[in-house]
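The values are calculated or read from the model by the stated rules, or taken from the named source; none is laboratory data. Treat the numbers as computed from the prediction; the structure is a model and nothing was measured. Cβ placement follows ideal geometry from the backbone for every residue including glycine, while neighbour counts extend to all protein chains displayed.
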Amino acid sequence: MKKSLGDNFILLSSNHGKSEDPPTALLNPPFVKPFEMITKLYGLPHYDEVDPTPAMAVTFPLIFGLMFGDLGHGAILFLGGLLLSFMIKYPKEWREFCKILAACGLGSILAGLLFGEAFGRHVFTPLWLDPFDNVITFLTFSLLVGVLQIMTGFVLNFVNFMLRGECINALTVSLPKIIFYGLAVYLLMEFKLNFDLWLSGPIFYLSAALFFLIFGKPIFTLISRKGEFIHVLSERLFEGSEFLLSLLSNTMSYARILALLMAHWALLTATYAISDLASTIPMFGQTVEWIMIIGGNIFVMAFEGLIVFIHTLRLHFYEWFSKFYEGTGTAFQPYKYRQEYVEIEVLPKRRNTKKADEVKFFIAILNLMRVSSSLPRVGKNFP
């Protein structure tokens, strides 16, 4: 504004009131920017709400990679997405989506290195472990990924309440959830399913956290006389029961990481088994075998890649966003919108044929009227 108008403007500013609903403008680094597309699918963050895009720029490719852990397929996905992001200029959404695919390809490359897998075959020693020989270990790891992401959601919910100035909700709603979930996971890892040890003391800590989750806010309402006690109590009873019922199912939902990784391996194993049978065909057996191997890998990349992408969206939208994110913001609309690309249609140049014919006729008359050699002959360069 200063550059455009100089000193010919007056700038007035004021803090928005609680009755106003300020718009949201997402300001993220370039490597995070493409993932704003996924955030907007769910809804823009409110003005006083944490933007989940930076965290999702890390978790989305990693979880995708764990379910699509293949060095070869990941490299193709990365290079293909990167190449298309440079080739596609507009629409902008397609270019950003190609960048997301490239990031997911990086996640697959990392997981492929950890698992020692490329194009569905174990071609080198895993940097971490082979999930197919350590199913229980990888299942436990998948659930721990879910625990960390869900716990992050509860922490962000606490932050959202603090940003809105709702300290009571932060202390009586979010904090008990963090304590209960963290304590439950710790005790489960420590005592397993030994209920004798659970009942010897740890169960009382869980009960205290649950009691505070359900009755903390109603007690505060009763003491401060701010709000209706019955309404708040019924609300907390409903949310507390929903919290307990969904907690286990949300955590177990991350077992799909193992399931989809196994599906990736099973589809490629079937592809190679069928191609081995095709190699026995007389004369053209080897050609048919390679066609089936290449075609099978392309099919698995496209089909299972789409399924894995959808499941990664599901884990973020349902298991994670439901813990802290509302997505009810309004997009900021600038006063001036500048498009990045404009299509320009170049029309063929029209010649004024009538004027050209008149000039030619005039030149011909002058040449006919030439009476002596001293009069120069008129040609194309006649002014």
- Message: Whether any residue in the range 75-91 is under 22 Å from A25 (Cα atoms) and touching a residue at least 40 places away in the same chain (Cβ under 8 Å) is what I want to check.
- Response: yes
- What are the residues in the range 123-172 that are within 30 Å of G327 (Cβ to Cβ), in contact with an Asp or Glu (Cβ under 9 Å, 6 or more places away or on another chain) and not hydrophobic (A, V, I, L, M, F, W, C), if any? G146, Q149, G153, N160, R164, G165
- Item | Members of the range 169-188 that are surrounded by fewer than 20 Cβ atoms within 10 Å (Cβ to Cβ) and of a type in the set (V, I, T) | I178, I179, V185
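Can you say whether A209 is at negative phi and out of contact with any Pro (no Cβ under 6 Å at 6 or more places or on another chain), as far as the supplied structure shows? Please lay out each step first, then the result.
Working: at negative phi: yes; out of contact with any Pro (no Cβ under 6 Å at 6 or more places or on another chain): no.
No; evaluated as a whole, the condition is false for this residue.
Against the definition (modelled with pLDDT of 90 or more, over 29 Å from T59 (Cα atoms) and assigned by TED's automatic domain parsing to the domain that holds V50), how does F211 come out, yes or no? Don't jump to the end; show me each part of the working.
Working: modelled with pLDDT of 90 or more: yes; over 29 Å from T59 (Cα atoms): yes; assigned by TED's automatic domain parsing to the domain that holds V50: yes.
Considered against the rule, which asks whether it is modelled with pLDDT of 90 or more, over 29 Å from T59 (Cα atoms) and assigned by TED's automatic domain parsing to the domain that holds V50, F211 comes out as yes.
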- Has the range 303-318 got any residue that is within 20 Å of L101 (Cβ to Cβ), in contact with a Lys or Arg (Cβ under 6 Å, 6 or more places away or on another chain) and not basic (K, R)? yes
- Note on the structure: E96: passes all of (1) out of contact with any strand residue (DSSP E or B) (no Cβ under 6 Å at 6 or more places or on another chain); (2) crowded, with 17+ Cβ neighbours inside 10 Å; (3) under 24 Å from G116 (Cβ atoms) but (3)
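Evaluate the following for F161: is it under 30 Å from L233 (Cα atoms), under 28 Å from the mean Cα position of the chain (by Cα) and not small (G, A, S)?
yes
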- Task: Scan the range 260-296 for residues that are closer than 30 Å to G153 by Cβ and loosely packed, with under 13 Cβ neighbours inside 10 Å and report the count.
- Result: 0
- Message: Tally up the residues in the range 149-168 that are surrounded by 20 or more Cβ atoms within 10 Å (Cβ to Cβ) and closer than 20 Å to S249 by Cβ, please.
- Response: 5
- Item | Members of the range 99-131 found to be in contact with a Pro (Cβ under 9 Å, 6 or more places away or on another chain) and within 15 Å of M262 (Cβ to Cβ), listed by number | F115, E117
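State yes or no: is K33 surrounded by fewer than 20 Cβ atoms within 10 Å (Cβ to Cβ), free of Cβ contacts under 8 Å to residues at least 12 places away in the same chain and not polar (S, T, N, Q)?
Details: surrounded by fewer than 20 Cβ atoms within 10 Å (Cβ to Cβ): yes; free of Cβ contacts under 8 Å to residues at least 12 places away in the same chain: no; not polar (S, T, N, Q): yes.
It is false that K33 is surrounded by fewer than 20 Cβ atoms within 10 Å (Cβ to Cβ), free of Cβ contacts under 8 Å to residues at least 12 places away in the same chain and not polar (S, T, N, Q).
Among the listed residues T137, T125, T152, identify the single one that is without any contact (Cβ under 8 Å) to a residue 40 or more places away in the chain, in the same structural domain as A75 (by TED's automatic domain parsing), within 28 Å of P61 (Cα to Cα) and assigned to a helix (DSSP H, G or I). Write out each step before concluding.
Values: T125 fails: assigned to a helix (DSSP H, G or I); T152 fails: without any contact (Cβ under 8 Å) to a residue 40 or more places away in the chain.
Result: T137 is the single residue among T137, T125, T152 that is without any contact (Cβ under 8 Å) to a residue 40 or more places away in the chain, in the same structural domain as A75 (by TED's automatic domain parsing), within 28 Å of P61 (Cα to Cα) and assigned to a helix (DSSP H, G or I).
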